Each structure stands twice: as structure tokens, then as C-alpha cells.
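The structure appears below as C-alpha cells.
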Amino acid sequence: MTESFAPGVRVQDLTVVYRTPVGELPALAGVGLTLAPGTITGIVGESGSGKSTLALSLLNAVQPPGRISGGSVEIDGLGDVVRLTGDDLRRARGRQVGYVFQAAQNSLNPLKTVGKQLLDLGRSHDVADLPALLREARALLGRMGLDGGRVLDSYQHELSGGMRQRVGIMLALVLNAHLVVLDEPTTALDMITQATILRIVKEVHRERGLTTLIVTHDIGVAAEVTDSLAVMYGGRVVEHGPTMDVLGSPRHPYTRGLIRAIPRLSGDIGEATALPGRPPTLGTIPAEGCVFRERCPLRMAVCDTVDPAPAAYGERTVACHAVGRPVNLAVRKEYV
Amino acid sequence: MITGTGVTKTYRQRGNLLGGRDVQALRGVDFAIEKGGAVTFIGESGCGKTTLGRIVAGLETYDSGEIVIDGTPMSGLRHRQRQAHFRRVQLIHQDPYSALNPTRTIHQTLHAPLALRARQKGRSKAWAEERARELLTLVGIDPGYVLPRYPHQLSGGMRQRVVIARALTVDPEVLVADESVSMIDVSLRLGILALLKDLRERLNVSVLFITHDIATARYIGDDGELYVIYRGQVVERGPTEAVISEPVHPYTQALLSAIPVLRGVERPGAERVVPTEALDERHADTGCLFARRCPFRTERCESERPSLEGTVHGHACYHPQPRAVIPVEASA
Ligand SMILES: Nc1ncnc2c1ncn2[C@@H]1O[C@H](COP(=O)(O)OP(=O)(O)OP(=O)(O)O)[C@@H](O)[C@H]1O
Ligand SMILES: Nc1ncnc2c1ncn2[C@@H]1O[C@H](COP(=O)(O)OP(=O)(O)O)[C@@H](O)[C@H]1O
Ligand code: SF4
Ligand code: SF4
Ligand SMILES: [Mg+2]
Ligand SMILES: [Mg+2]
């Protein structure tokens, strides 16, 4: 058994590029993000903002045609994973960093039972005591409200979406990783199953003493489980801070727009407003100036030429030229 | 207008983890979708929503009951005549990962149905090209970016938008939108919902909307009807706003209680309902279908099955009671 501790993570100046017909384009441009040990951090943002790319970078697992072209990802106990290669890297994945891929529901091998896949995972990590691994898996599945023995004997198609998602979480935890990355863990699940999975994530996080990163396009999901919330746009983290604060008094115009666009169960339907425009794709991210300016109601001259650097305001980090001074209460009122 | 009366569907299943017995996917469902109207079905996974959507789209058979499209009962028709009616109903697939052919570019995917459409309408090839761009713009993506690309080169959200654009290529009269906005970015979700609402108003397209995200049902039009389905039975039904703001069935209340609370902006409802256990297909079929999981069940619930009562806002429960389950503004 490895020692139980929740690692801290420091992502610094991380740049990831994808090769495209018009050359290498950055999906992440100088991203900085700190995960405090023992916390649950959420990453939200629109499709293509770079959430999965950032999450994959924590395992140095960005796939070609992508590559990490600069920066570092320091994980306590592992060092800079950007520099890890070969066997060291393979061992770190699963052992130290557990990962549930986006669309984990479709990522199990359809031809093998869950138990077989678990044994493959164990062998690839040179687990000596495979029966103990199976016991641990059964216990974890039981912990998540499933009949572990039966799930291990099942093929993917015999499991519902919610069950597969829990199998994914089990596989991420079974090697006793203390940093766990969940990419869209509840997307496409119904509300009750989602609530169950989120409760499980919170409980397992607490019981095992983990550092957890959850990627989701659903702000509600992030609101429900995270301590800390990072908002991404166009390959940048544009706002980051304690979840309640970020949602209760968002400072970046993008965060404000996102929150305003959430369909709500109560209140005036007209209050929810779509964010005009659409998120940039790799090819349309502006090379200079603020990446959000095309959609920004507060755009100024400087925004066209200078990419705003993230600046700290107490526990909050915001990258916006309009947030340089104390918060403008007149603008904020409607959000608090 | 499409109506369904007493629609039932049973899947014969071989033994496996989920059942080992037949699954009654629909147990006598009645519904009516007016021309240009909007009907939303909500319920957990496995409760029969997709089955119903596929039946309405003519992609699945039903065992008994009747579907009537614009006055014509479908059961009396021969296969080909029936298909002609069902062609006016387009299903938007719920899974954007498998809905698109991975070996074809988005241009190829949209071109096939549009070229056919152009021939039917006596339009030119250029029209088909123009229409592809128009539809992609309509669903909020940059045609120049996506047209030459393959599905795997697009992010998940973009793929779903392409799927919706493809359904729109045939100018359908009814859209069956099965979980079609769940995968879409929140910023665009309202746009797509507004688009569905707009298509209803401008083109008189009806929408059968199937979703987990109950709040979105409010945004496809305030004249919509909401149906709550549990294990193949409609357990609550009424005007969307009424069912959401004054739900009386414990199952509806459980669904609404499970919706994530925007902490910092909202507080949870004071009387949140949590099912006492997980959904299990093998739960008894005798009394109320929800009895095993219902915190409010009584003896009667376990022996008798309540049926849907009430006209405007109906429910199937022996002990209906309004409860404050939906979140309230944090400042209120
Ligand atoms: N294999 C690839 N080849 C080229 N570009 C890619 C590839 N994978 C991702 N990208 C691009 O990189 C950017 C970031 O993608 P990423 O998958 O990280 O986004 P995301 O925020 O996770 O989106 P989603 O919410 O849709 O999952 C996007 O513009 C995407 O199109
Ligand atoms: N092709 C099928 N064969 C066997 N059972 C099925 C099939 N399709 C659906 N079912 C079963 O019917 C029930 C209703 O499923 P479905 O209509 O997909 O529900 P929903 O869309 O509400 O999740 C579930 O128990 C499901 O497992
Ligand atoms: S830097 Fe300028 S354009 Fe960018 S978000 Fe701030 S105000 Fe808007
Ligand atoms: S009939 Fe009884 S068991 Fe069924 S929902 Fe109502 S109270 Fe619960
Ligand atoms: Mg992603
Ligand atoms: Mg379904």
C-alpha cells in the first residue's frame, strides 16, 4: 500500500498544441492552475475551451496530433509529469493519478467482462496480489451501491450508463491513486443517477483523502460538488476561486454570461439569456488580445491588443482588463 | 396532431444483470401532441422515454394501443403507407458519439440528405451547399470550421449540434428531440431551445422533447405539457409550469430534488425528496410502481396500483401532496 496523502498540483504556464493543416495551434495557452491538496476542483467552460486537454495533461496523456509544448505540471510525490516518460509515466497513470475519460460509458472493452479488464489493468501495473485487487474492486463497487461480484462478471452492454460510470470510477480508484481526474463523470446520466454519482464522488473523496478534479460543462454539477471552480475559455483559465464566490459574485464577463445562460427551474424564463456568439475553435482563437472580446459586453480598446494576464484578487484569480479595479457594484448587483 | 392511446411495449429479455425477465417499457401511455405544440417527457433512464420517442418516430413497434397521426390510425395501415406518415417525424438521436458516421466528413453527412431534398424541391446543387451552411449556422456552429472535418475532430458539443442540423435537413413536421440538449454547452442550450420554440412558431413544427434536464422544458414554450414517466407509466402530467412549481407526485418530487443546486445563487428546496433506494427493474409490479422507493408509501400503495387521475394537472398517487422541492433564490 502506498502512503495515503492528498497531493497538491501546480500547473504552470502550460501550453498544448494540436497539429492541424495550417500548422500547430494552441489548445492551451500558458495555463496556470493550482489544485490545493484534499480539495475538489471543478473545471467548467464551453465545448472546445480546453477542459479535457488540460485534464489529460495532468497524466501527460495528450495524444498526437497534440503535444505539450511548454510549461510544467508539478504533482506532489511525482514531480513534473511533463518530464516523465516510458515506464515511469505508465506507472504513474493509475497508480498515482486515476482518470475517468470523457464518455467513459463508451470506453470499456465490449468483448471482455469488467473483471477481465480489471485483471488486465492489474497486470499492466505489475500488481502481485490479483485476488486482493479483485476484492478491492468488489468493495469499491459495493461502496457505490452495486453488486460487485455481478458487475465484475458482466459485459459492458449488460450495464446501464450509470453503472458503467461507476465502473469507470472504480477503475480510477482501484490502484489507490490519490489524485483523481473525472472528465464529464455524469454527462448523459439522468438527474437521480447523477445525484447518486456526485454523492459517491464526494464521499469517496473524503474517505480516501483525495485531490479531485472534475471536468464538466454543467455548472450545476460543479456547484454541487466542488470547493474550487476554474472557468476556461479559449484555452485559458479566465477565472478561478472558491466555488460559492465564483457563482455568487462572478467577476469575469464570461463567467457572468455563463451563469446567466443556465436554464432554471424557477423565476422568469426571460431572465436566462443566451451568451451571444459562439466559442472559438482552434483556428479562430485570436492570436493577440483577449480571446473573449468578440462576445464581451465590456470590451475596451486595450482588449484588442493585450491578452489580459491572470491577476489575484484575494482568493480569486481573474484574467480581464475590466477587473483591474475594485469590483463595480453597479454591474454586480444583478448577480448577487 | 399525433395522439397515443394506451400504448404498451414489452421487450423480451434474456437473463442478465439488468433483469432476466421481460421489461414492460410502456404500460398504457396516453398522450397528445398538437400541431405546433410541445410535449416533454421526463423520467430516469430506463423508464421508457426513448422507447416512446422511437415509437412516435415509427422506428419501433408497439404491442397494443393506437397511434393516430392527423386523424389516421397507424395500426390499420400497411407498412409502406405507415412509413409515409412517419417520415414526417424526425428523431434527433440522443448519443452524439454514435449518431454520426466516423468515416464521413460533416459535409458528406449533410450533403446526402440535402442533395435528395434539392432534387425533390427542384433546387440546384448550390442550394444544397447553401442550406448546409445555413443549418449549421442555425445550430450555432461555424460552417467553415466543421464542414471539412470528421466527427472525431469535433468536440462533443459540436457533434450534437451537427446531429440536430442533420435532422433539420428534411424539413420535418415533428421533431423528437431525445436528450438532444443535454450534451450542449449551457451558453448554446438556450439558443437551441429558442430554436425549437422558434421552429414551432414559424413552421408549426411539433416537438416531442425528452430530457433529464427538466428546467429546459420551460424554455421550449410556455404552452407546453410535461409528462413524468416512471417504469412505463405516466405518473404526473400537466402544464409544464404547474408540474414544476407544484409537483404532487413523490416521483416527480424526487426528480426535481435531484437537480443540482447552484450554490451561491440558490438554496435547496426545504422538502427535498430522496428515493429510499435505487431503481431496480426487478421491483414488484403489483402495487404502485414507485412504492419500493417511495418515502411516503402506505400499505395500500403496495397492493393497489393508482391510475392517472385529474384532467388539467393529473397524477397517479394515493397520497398526492405539494412539497417545496425546487431550489429557491439564495437572497430570497
Ligand atoms: N485530436 C485533435 N486534433 C485536433 N484538434 C483537437 C484534437 N482534440 C482536441 N482538439 C481541439 O482542441 C480544443 C480543445 O479541445 P478539448 O477536447 O480539450 O475541449 P473540451 O473543453 O474538453 O470540450 P468538450 O466540452 O466538447 O469536451 C478544441 O478546439 C478541439 O477542437
Ligand atoms: N431494444 C431493447 N431490447 C430490450 N430491452 C430494451 C430495449 N430498448 C429498451 N429496453 C428496455 O426498456 C426499458 C425502457 O427503455 P428506454 O425506452 O430506453 O428508457 P429511457 O429512454 O427512459 O431511458 C428499459 O428497461 C430498457 O432496458
Ligand atoms: S479583457 Fe476586455 S474583452 Fe476580455 S473579458 Fe475583459 S473586458 Fe472583455
Ligand atoms: S401511491 Fe403511495 S407509493 Fe406510490 S407514489 Fe403515491 S405515496 Fe408513494
Ligand atoms: Mg472534453
Ligand atoms: Mg433514453
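Assorted remarks:
- Computed log₁₀ I(q)/I(0) - Debye formula, equal Cα scatterers, no solvent, segment A:189-336, q 0.16 Å⁻¹: -0.97
- Cβ-placed point charges (K, R +1; D, E -1), dipole of the protein assembly as shown about Cα centre in debye, nearest 20: 1420
- Among beta bridges that DSSP assigns inside chain A, antiparallel share in %, nearest 5: 60
- Once the mean of 1/r is taken over each pair of separate Cα atoms and inverted, segment A:151-276 shows a Kirkwood hydrodynamic radius of 16.3 Å.
- Rg followed by Dmax, in Å, when segment B:106-169 is reduced to its Cα trace: 11.2, 35
- Amide hydrogen neighbours beyond the local backbone of B:Tyr230, cut-off 5 Å, H modeled: B:Val235
- Descending principal axes extents, segment A:260-318, alpha-carbon based, whole Å: 40, 33, 22
- Applied to segment B:103-116, the Karplus parametrisation 6.51 cos²θ - 1.76 cosθ + 1.60 on θ = phi - 60° returns per-residue 3J(HN,Hα) values of 8, 10, 6, 4, 4, 5, 4, 7, 5, 4, x, 6, 5, 4 Hz, with x for Gly and Pro.
- Computed on the protein assembly as shown, the Cα convex hull volume stands at 162 Å³ per residue.
- Working note: Cα gyration tensor of chain A, eigenvalues times five, square-rooted, sorted largest first, giving semi-axes of 36, 23, 18 Å.
- The label point for B:Thr5 and the one for A:Glu207, both projected 7 Å from the Cα toward the Cβ, are 5.3 nm apart.
- Cα convex hull of segment B:213-312, projected area averaged across orientations, nm²: 7.3
- Geometric descriptor of segment A:130-194, per residue, is 91 Å³ (volume of the convex hull of the Cα atoms).
- √(5λ) per eigenvalue of the Cα gyration tensor, segment A:83-149, largest first, Å: 22, 16, 12
- D_trans [Stokes-Einstein, Kirkwood Rh over alpha-carbon pairs] for segment A:9-94, 4 °C, 1.567 mPa s, µm² s⁻¹: 97
- Computing FRET efficiency as 1/(1 + (r/R0)^6) for B:Tyr150 and A:Thr34, where r is the C-beta to C-beta distance and R0 is 30 Å, gives about 0.25.
- Pairwise FRET efficiency - B:Thr137 versus A:Thr85, Cβ, R0 = 41 Å, nearest 0.05: 0.40
- DSSP-loop GluC sites (Glu not before Pro) across segment A:1-49, with at most 12 other Cβ within 10 angstrom: A:Glu3
- Across all directions, the average flat footprint of the convex hull enclosing the Cα atoms of chain B is 18.9 nm².
- For the peptide B:158-169, the mean number of other protein chain Cβ atoms found within 10 angstrom of a residue's Cβ is 1.
- DSSP bridge orientation in the protein assembly as shown - percent antiparallel, rounded to nearest 5: 60
- Taking all protein chains together and a 1.4 Å probe, the residues B:Ser331, B:Ser124, A:Ser52 rank B:Ser331, B:Ser124, A:Ser52 from largest to smallest accessible area.
- Tilt relative to chain B, helix B:156-168 - C-alpha long axis, 0 to 90 degrees, to 10: 70
- Measuring from each cysteine beta-carbon in the protein assembly as shown, the ones with no other cysteine beta-carbon under 4.7 angstrom are A:Cys296, A:Cys320, B:Cys47, B:Cys294, B:Cys317.
- Cross-link partners for B:Lys49 among the lysines, with Cα-Cα distance under 27 Å and sequence neighbours closer than 8 places in the same chain left out: B:Lys9, B:Lys35, B:Lys197.
- Geometric descriptor of segment B:1-136, per residue, is 165 Å³ (volume of the convex hull of the Cα atoms).
- The ratio of the alpha-carbon radius of gyration of segment A:40-198 to the globular-protein estimate 2.2 N^0.38 Å is 1.05.
- R0 of 51 Å, Cβ-Cβ distance B:Asp222-B:Asp22: FRET efficiency to nearest 0.05: 0.80
The values are calculated or read from the model by the stated rules, or taken from the named source; none is laboratory data. A quick note: this is a predicted structure, and the numbers were derived from the prediction, not measured. Heads up, the Cβs are rebuilt from the backbone with ideal geometry, glycines too, and the neighbour counts pull from every protein chain shown. The protein model used for the area step is the full one, side chains on, heavy atoms only, and it has no ligands, DNA or RNA in it. Shrake-Rupley method; radii C 1.70, N 1.55, O 1.52, S 1.80 Å.
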